[in-house]
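Please read the structure below before turning to the comments.
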Amino acid sequence: MRQRGNIAILCAPTALGLWFFYDFALRYLTSEPHQFGIYQPRHQWLYVHILAGMVALLIGPAQLWLGMNKRTAILHRILGVLYVVAVGAGGTAAFYLAVHNDFGWVFGIGFFSMTTVWIVTTALATIAILMRRVEQHREWMIRSYVVTFGFVTFRVTESVLDLANVGTMVEQLTAASWLAWTVPLFITESIMQGRKIFKKPVPVPMLREARTYTLQPEAGDLTHQNADSRGAPQTFTARSGQFHS
Ligand code: HEM
């Protein structure tokens, strides 16, 4: 069951990403000027944005899958560097596109904020792993990918509003530029934090026979030496909140 969930995490966003690429992005990867439509005056920025965005969109699920399955050796690291570079390039172009748009300032601020959140979540995920904070890295990486996926959600939201015949086209685009990333981020955060609230507490027998408590000032962490049920030594670190054998 868990294995199936893992595979869904890899396949569903990849399939949706490929659909988005085929339906919305591919037409702009051309040298034909008329194909760029409203993006003609800023087509170089769009070109960089789409190429980099696509790299991030397709690498993301593979990275989450590798991370969840603890396959974090060389491939995960190489793809991780590629993902960060792609977000850097795609985000820089997105700042430009957000400032130079045809649909007004509220739409522009929606995308400007989304770009800021895209870069900040990715930067925090990177800093966390450089500092070996695995749990924080995992959480920030999930947030980063939810935002990467935001442009796909943007197109879906805008199509739903259009089908429902709500407001004008500019109103639909403007609402979608905010809803597309704030709602998925809120849902993700509720699930991540909610799981912690409902997580089973550490069983009391595991805490029996505390041997030593040491404060490591340089690491800023409280370490608790213990033994597992078979008597093998274990260390509990406050930072990770887990026992390590
Ligand atoms: C995650 C953060 C992202 C932000 C903030 C962002 C922002 C933007 C902005 C501001 C525009 C111009 C909108 C306009 O003026 O009409 C744009 C266009 C576009 N972006 Fe992104 N983008 C992001 C991610 C992506 C990703 C991952 C892809 C995947 C390839 C992508 C593909 C496109 C495409 C194809 C267009 C032009 C066509 C269209 O409007 O559908 N974007 N983006």
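Every residue, every condition in (1) outside the structural domain of I50 (by TED's automatic domain parsing); (2) under 23 Å from A62 (Cα atoms); (3) not charged (D, E, K, R), yes or no:
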| site | (1), (2), (3) |
| --- | --- |
| E139 | no, yes, no |
| V147 | no, yes, yes |
| R155 | no, yes, no |
| A176 | no, no, yes |
| G194 | no, no, yes |
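Can you pull out the residues in the range 17-45 that are assigned to a helix (DSSP H, G or I), in contact with a Phe, Trp or Tyr (Cβ under 8 Å, 6 or more places away or on another chain) and either without any contact (Cβ under 8 Å) to a residue 24 or more places away in the chain or of a type outside the set (D, E, K, R) (or both)? Give the steps one after another, and end with the answer.
First, pick out the residues of the range 17-45 that are assigned to a helix (DSSP H, G or I): 17-28, 33-45.
Those still in the list that are in contact with a Phe, Trp or Tyr (Cβ under 8 Å, 6 or more places away or on another chain) too: 17, 20, 28, 35-36, 39, 42-43, 45.
Once the filter is applied, which keeps residues that are assigned to a helix (DSSP H, G or I), in contact with a Phe, Trp or Tyr (Cβ under 8 Å, 6 or more places away or on another chain) and either without any contact (Cβ under 8 Å) to a residue 24 or more places away in the chain or of a type outside the set (D, E, K, R) (or both), the range 17-45 yields G17, F20, Y28, Q35, F36, Y39, H43, W45.
R133 is checked against (1) within 13 Å of the ligand (Cβ to nearest atom); (2) more than 14 Å from the chain's Cα centre (by Cα) and fails just one. What number does that condition carry?
The one condition R133 does not meet is (1).
Restricting to the range 143-183, give me the number of residues that are under 16 Å from the mean Cα position of the chain (by Cα) and within 11 Å of the ligand (Cβ to nearest atom).
Final tally of qualifying residues: 13.
For V55, are the conditions met, namely being under 18 Å from the mean Cα position of the chain (by Cα) and part of a helix (DSSP H, G or I)? Before you say what the answer is, go through the steps one by one.
Numbers: under 18 Å from the mean Cα position of the chain (by Cα): yes; part of a helix (DSSP H, G or I): yes.
Answer is yes for this residue.
Output yes when any residue across the range 96-113 is part of a helix (DSSP H, G or I) and within 23 Å of T72 (Cα to Cα), and no when none is. Walk me through how you get there before you give the answer.
Initial filter on the range 96-113 (part of a helix (DSSP H, G or I)): 96-99, 105-113.
Next, from what is left, pick out any that are within 23 Å of T72 (Cα to Cα): none.
No, the range 96-113 contains no residue that is part of a helix (DSSP H, G or I) and within 23 Å of T72 (Cα to Cα).
The values are calculated or read from the model by the stated rules, or taken from the named source; none is laboratory data. This one's a predicted model, so the numbers in the text were calculated from it and none came from an experiment. All Cβ positions, even for glycine, are placed from backbone atoms using ideal geometry, and neighbour counts span all protein chains on display.
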